[in-house]
Amino acid sequence: MQTDALKQILALARAGATSRAWEAFKASGLDRADADASALTLKGRLLKDQARHAPAHLRPALFALAGEAYEHAARPGAETYPLINAAAMALHAGERERSVELAGKVLHLIESGQEKGETPYWGEATRAEALLLLNRIEDARSSLAYAVSLAPQAWEDHAATLRQFDLILSELGEEDSWLDSFRPAPAMHFNGILGIAADDKAASNAIAAEVRAIAPGFAYGALAAGADIIAAEAAVLVGAELHVVLPSDPHDFRKTSVEPLGEDWPQRFDSLLEIADTLIICDKAESTSAAGVALAELHAMGLALERASQLQAQAVALRIEPADRPVLGDPWLQSGMPTRHVAVLANTKSVVPQLPAGELKFDIATDDTAVTSFGSLEDCVQALRKSGSVRMAIDCRLGETVHVKALLPHSAYGMVAASRSAALGLLASGLASRIETIGEMAFPEGPVELCLAKLSEPPG
């Protein structure tokens, strides 16, 4: 039974649900298990995750507690996993000599053949980390390259190592740009104008060239006729996973945003939809609206940023617009992530359909106060910060049904309860530093995925 609990909590931690994992760990009584190496190792992992997200003045103490748990877990045997983590935690807690001592033990265990690691990748990655903690940076770099060659597609494992190396190099005051060569291909969000002729070779070539330059591993966006479809096709050609995010049912979106632009686009839309790795429909509305398109774009941007964070990759936005079109309203500008532009000419013969405006509302609830609605996420977050409330919730909607009060009881750990779409919108707009998915809530209109969002610190 305890083994099942450990697996479930570890799954939460790996999914980034740090707060929920710690709460489940305590509720199961595992925080009091002082003779169980597996429980102590997980305790160290959870405390380490808390330390990474804590304010700077609290981190050394949390890292020290994590190190204690890892060291205690390592005592029964010669396992290098808890020992190397204890070494790293000692460094972050300000105990450099202890860190070097423990890292030396790890290196001896590996190089003497006493401990090979859980997998060939982890064995060599642990060796690389020990070398890094010993400040043998060039040796660590070579060792990490070999580790990655042993499991080139193990992106999640690589991400855990890169996250650890980032922290260590920062603590050592060493330059970390060399880690970029080990990161997976970028996560790209794409969007642009509809009014491109299907046979516009210049536009297609320019878009394809920019996508090749980005070389994304993951591409997120809609499939409107024109720039979207061309960018998605180019992403597939370079081997990227295609994740389609539509504002409405594919049949209606095809009818409103693909078919009116010319007879060549629908077949290309269908082909991409068929090979897409995932399809997300943001709203159950019968017709596509401009507000729905805005919601879907926020959702797709948030997914790209979330994926990049999970894999320690770069996130990039591709914007395909006429050169003279301003981009000041792009939420991505607030994310701090890079944007690449392709200047194209709109087809003067193309008649771009006018979608119904619709209305995208953002709702907040704090403690027992009434629900307040806003037209922008920025205004919502300002109101939440001013409220000073312990419990806060945020939601976004296109219809009349208000759900935000039902989300409020799930606010915890100094984080805001949010629907998945609202949380991704906060992430896309740079208003949340991280989000954690914690489950689903059932409503008559269907289930709503629930998240916790850590609001970003206000500027200044």
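The values are calculated or read from the model by the stated rules, or taken from the named source; none is laboratory data. Remember, it's a predicted structure, so these values are computed and weren't measured experimentally. In this analysis, Cβ positions are derived from the backbone assuming ideal geometry, glycine residues included, and neighbour counts consider all displayed protein chains.
Of the listed requirements (1) free of Cβ contacts under 8 Å to residues at least 40 places away in the same chain; (2) assigned by TED's automatic domain parsing to the domain that holds residue 300, residue 383 misses just one: (2). Those helices (runs of 4 or more DSSP H) of the stretch 62-160 in which at least 2 residues are under 27 Å from the mean Cα position of the chain (by Cα) and surrounded by 16 or more Cβ atoms within 10 Å (Cβ to Cβ), considering only elements entirely within it, cover 80-92, 120-133, 137-150.
The residues of the stretch 183-217 that are among the acidic types (Asp, Glu) and part of a loop (DSSP other than H, G, I, E, B), listed by number, are 199, 200.
Of 101, 115, 124, 156, all but one fail to be closer than 23 Å to residue 64 by Cβ and either of a type in the set (Val, Ile, Thr) or out of contact with any strand residue (DSSP E or B) (no Cβ under 8 Å at 6 or more places or on another chain) (or both); the exception is 101. Residues in the stretch 267-296 that are in a helix (DSSP H, G or I) and either outside the structural domain of residue 225 (by TED's automatic domain parsing) or buried (at least 16 other Cβ atoms within 10 Å of the Cβ) (or both): 268, 269, 272, 273, 291, 292, 293, 294, 295, 296.
Please determine whether any residue of the stretch 233-255 is polar (S, T, N, Q), out of contact with any Leu (no Cβ under 8 Å at 6 or more places or on another chain) and not in a helix (DSSP H, G or I). Yes, the stretch 233-255 contains at least one residue that is polar (S, T, N, Q), out of contact with any Leu (no Cβ under 8 Å at 6 or more places or on another chain) and not in a helix (DSSP H, G or I). For the stretch 181-209, filtering for residues that are under 29 Å from the mean Cα position of the chain (by Cα) and in contact (Cβ under 8 Å) with a residue 40 or more places away in the chain leaves 14. The single residue among 334, 314 that is farther than 30 Å from residue 263 by Cβ, in contact with a helix residue (DSSP H, G or I) (Cβ under 9 Å, 6 or more places away or on another chain) and modelled with pLDDT under 90 turns out to be 334. Here residue 220 fulfils each of the conditions (1) in a helix (DSSP H, G or I); (2) under 24 Å from the mean Cα position of the chain (by Cα); (3) assigned by TED's automatic domain parsing to the domain that holds residue 332 apart from (1). Touching a Pro at 6+ places or on another chain (Cβ under 9 Å) and among the aliphatic types (A, V, I, L, M), is that true of residue 74? It is true that residue 74 is touching a Pro at 6+ places or on another chain (Cβ under 9 Å) and among the aliphatic types (A, V, I, L, M).
Of the residues making up the stretch 329-359, those that are under 24 Å from the mean Cα position of the chain (by Cα) and of a type outside the set (Val, Ile, Thr) are 329, 330, 331, 332, 333, 334, 335, 336, 337, 338, 340, 341.
Within the stretch 378-420, the set of residues being surrounded by fewer than 22 Cβ atoms within 10 Å (Cβ to Cβ), modelled with pLDDT of 90 or more and small (Gly, Ala, Ser) comprises 383, 406. Taking the criterion of being in a loop (DSSP other than H, G, I, E, B) and over 22 Å from the mean Cα position of the chain (by Cα), the residues of the stretch 377-433 that qualify are 388, 389, 390, 391, 398, 399, 400, 401, 402, 403. Within the bounds of the stretch 353-371, is there any residue that is closer than 30 Å to residue 259 by Cα, polar (S, T, N, Q), outside the structural domain of residue 254 (by TED's automatic domain parsing) and at pLDDT below 90? Taking every residue of the stretch 353-371 in turn, at least one turns out to be closer than 30 Å to residue 259 by Cα, polar (S, T, N, Q), outside the structural domain of residue 254 (by TED's automatic domain parsing) and at pLDDT below 90.
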